[in-house]
Amino acid sequence: MSYYPALGLTKEPFSTSPDPAFFFRSSSHVQALTRLEIAIRLRRGLSLILGDVGTGKTTLARTLLASFPQEDGFSFSMLLDPSFESEYQFLVHLMRLFHLQTPGKSALDCREAIEHHLFQSGVNEVRTTVLMIDEGQKLSVDMLENLRVLLNYETSEFKLLQVVIFAQMEFLGRIRRIRNLIDRAALKYIINPLSEQETAQMIQFRLQSAGLEPGRALFSPEAIRAIHRFTQGYPRRIALVCHNALEALVMHDQSVVEEGLIQELIHDESRWLAEAAA
């Protein structure tokens, strides 16, 4: 049975899917989004957005896409998983994303075709081509080198290709070793976890986005404090705990999530993890 009606909700408030409608704009996320928009509109080339697992990078990427709704002059492509066995496969996939014809027989042929496309699109059609890469920590050295080459394509005024890489923190060490690539990054930004106050704001924002009446609270301040302490402010973990808390709230026929319920959920998860590791 759905718990939505029992809690005054119309939809799931704590899904972990990257839905821009439930994107909570923390100060860190707002800065990242604003600076990304500026970098893309100015066609500055490479932007890096880094953050630990669960900080909201994928949702930020989807929200960035929604920030350019049906705008003329922008062409976005999204690479969700850059796991390829060779640079040739990587370049072929890029050609498909750019809607190019069947590639040649080598990586060089692919790069030349992409260069021609970028020049045609960026100069003749005055269109900004944006390549967004999620899970950037999976990019191999060969793929990063190919991105460096593609970022070399430019006019005297702007880069022909805009690349936005969303990656986990481990990516920073790898890209630092490719100095002639890291030096090309016009934007380098690290997304931080939420503060306790932002955690409370995120929870209330999501609940109201799911239909909760303004002024009504389903989580006590003590429960929110316990959630923040346990999750360390990581949005994905906050969403998981809150989802479980609302299910338990309905099963216990209660109206507000209290700290005791959160502690029970934390204890149950810790016990499950311990048993799974045994």
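Here is the figure for the stretch 4-30: residues that are under 12 Å from Ala210 (Cα atoms) and in contact (Cβ under 8 Å) with a residue 60 or more places away in the chain total 12.
Scanning the stretch 27-56 for residues that are among the hydroxyl-bearing types (Ser, Thr, Tyr), touching a Ser or Thr at 6+ places or on another chain (Cβ under 9 Å) and surrounded by 14 or more Cβ atoms within 10 Å (Cβ to Cβ) yields Ser28, Thr55. For the structure I just gave you, tell me whether Phe166 is in the same structural domain as Leu64 (by TED's automatic domain parsing) and within 24 Å of Arg25 (Cβ to Cβ). Taking the combined requirement at face value, the residue satisfies it.
One residue is enough: does the stretch 174-195 have a residue meeting the conditions among the acidic types (Asp, Glu), at pLDDT 90 or above and surrounded by fewer than 21 Cβ atoms within 10 Å (Cβ to Cβ)? Within the stretch 174-195, none of the residues are among the acidic types (Asp, Glu), at pLDDT 90 or above and surrounded by fewer than 21 Cβ atoms within 10 Å (Cβ to Cβ).
Residues are listed down the side, and each one gets a yes or a no for (1) farther than 18 Å from Arg148 by Cβ; (2) in contact (Cβ under 8 Å) with a residue 12 or more places away in the chain; (3) not hydroxyl-bearing (Ser, Thr, Tyr):
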residue: Asp72; (1), (2), (3): yes, no, yes
residue: Leu80; (1), (2), (3): yes, yes, yes
residue: Ser86; (1), (2), (3): no, yes, no
residue: His116; (1), (2), (3): yes, no, yes
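Taken residue by residue, the stretch 177-186 has at least one member that is within 19 Å of the chain's Cα centre (by Cα), within 23 Å of Gly56 (Cα to Cα) and not aromatic (Phe, Trp, Tyr). Of the set (1) without any contact (Cβ under 8 Å) to a residue 60 or more places away in the chain; (2) assigned to a loop (DSSP other than H, G, I, E, B), all apply to Val149 but (2).
Residue-level analysis places Val149 outside the set of residues that are in the same structural domain as Val130 (by TED's automatic domain parsing), more than 28 Å from Ile224 (Cβ to Cβ) and under 22 Å from the mean Cα position of the chain (by Cα). Residues of the stretch 101-137 that are out of contact with any strand residue (DSSP E or B) (no Cβ under 6 Å at 6 or more places or on another chain), surrounded by 16 or more Cβ atoms within 10 Å (Cβ to Cβ) and part of a helix (DSSP H, G or I): Ala107, Cys110, Arg111, Ala113, Ile114, Glu115, His117, Gly122. Out of the stretch 140-153, which residues are closer than 22 Å to Arg177 by Cβ and either touching a strand residue (DSSP E or B) at 6+ places or on another chain (Cβ under 7 Å) or surrounded by fewer than 19 Cβ atoms within 10 Å (Cβ to Cβ) (or both)? Hits for the stretch 140-153 are Ser140, Val141, Asp142, Glu145, Leu147, Arg148, Val149, Leu150, Leu151, Asn152.
Okay, residues lined up against (1) modelled with pLDDT under 95; (2) in contact with a Lys or Arg (Cβ under 7 Å, 6 or more places away or on another chain); (3) polar (S, T, N, Q); (4) not assigned by TED's automatic domain parsing to the domain that holds Ser140:
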residue	(1), (2), (3), (4)
Leu50	no, no, no, no
Gly73	yes, yes, no, no
Phe84	yes, no, no, no
Val92	yes, no, no, no
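Put simply, of Gly211, Gly233, Gly260, Gly215 the only residue that is in a loop (DSSP other than H, G, I, E, B), modelled with pLDDT of 90 or more and over 23 Å from the mean Cα position of the chain (by Cα) is Gly211. Just one residue in the set Thr102, Thr155, Thr128 is hydroxyl-bearing (Ser, Thr, Tyr) and under 23 Å from Leu60 (Cα atoms); that residue is Thr128.
The values are calculated or read from the model by the stated rules, or taken from the named source; none is laboratory data. Please read all numbers here as calculations on a predicted model, not as lab measurements. Cβ sites come from the backbone with ideal geometry, for glycine too, and all protein chains shown count toward neighbours.
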